[in-house]
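A short write-up of the structure that comes next.
Every number here is computed from the coordinates shown, using simple stated rules; none is lab data. Computed from a prediction, not measured in an experiment: that's the story for all the values here. Counting neighbours? That spans all protein chains shown, and the Cβs are built from the backbone with ideal geometry, glycine included.
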Amino acid sequence: MQFSVTEENYLKAIYMLRENNDGGGVGTNELSQQLQNKAASVTDMLKRLAEKKLINYQKYKGVVLTSRGEKLAIKIIRKHRLWETFLVEKLSFKWDEVHEIAEQLEHIQSDELINRLENFIGNPRFDPHGDPIPDSKGQFNFLKSKPLSQFNQKGNYLLTGVSEHSKSFLQHLTSVGLKIGDSIKVDELNAFDNSYKVTINKKNIQFFSNKVASHILVVLKK
């Protein structure tokens, strides 16, 4: 069965919002804000998705994906992240330039194309933003990373990803010389505003606001 671009966008949005809600139901207001659609339009689409057995909706409990809906959502996410990786690694796009292009490419239906794409770029486990790429069976490889702000201590860390994908945020990280895989040494923590003095790759001294620290994902280096 073929699904429209709009239907696929809804399924992906529900999946991503559910992840942010620790697996709980997704409210219609959340979807309306995420997709920038009117509440009435969201309600109509949810009815359509429910009729196709892709979601379950209970009043006051929100929307959850059925197993079929979740499988489709993961498939869309897989295509999106593979295309982002291809655009960065093979076509030399910057990591802040690829999201909108991948939003278009993720709706290509050919499974054979996507499998060949994955092989062509070396079967990557993570995309250019550090997000895990599900395999053809829908399985993710997650890292045990957390926002730098949650560690709240001096030490040596490895940047594994970002939780904010806006162009302005990614451009800011580029401007301070930070990219996935870089080492970050926290030298000082400012108790007044919870900002950080850090050294990137042992030579680049920078200052991070707490907002920046809350959106960069790291693991503690041993």
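Here are a few things to note about the model shown:
- Neighbourhood net charge (11 Å Cβ-Cβ; Lys/Arg +1, Asp/Glu -1) for PHE207: -2
- For the chain, the longest site-free run once chymotrypsin sites (Phe, Trp or Tyr not before Pro) in DSSP loop states with at most 11 other Cβ atoms within 10 Å are removed: 61-141
- Measuring between alpha carbons in the structure, the pairs from LYS75/LYS211; LYS61/LYS146; LYS61/LYS137; LYS38/LYS59; LYS144/LYS202; LYS75/LYS146 lying more than 20 angstrom apart are LYS75/LYS211; LYS61/LYS146; LYS61/LYS137; LYS144/LYS202; LYS75/LYS146.
- Kirkwood Rh and Cα Rg combined as Rg/Rh, the chain: 1.01
- Our helix-only sum for the chain, with -39,500 (n - 2.57) per DSSP H run of n ≥ 4 divided by its residues, gives a mean residue ellipticity at 222 nm of -12500 deg cm²/dmol.
- Across the chain, the mean sequence separation of Cα contacts (distance under 8 Å, 6 or more residues apart), normalised by length, yields a relative contact order of 15 percent.
- Note on LYS79: aspartates and glutamates with a C-alpha under 14 Å away, same-chain residues under 8 apart excluded, are GLU8, GLU100, GLU103, GLU106, ASP111, GLU112, GLU118, ASP127, ASP131, ASP135.
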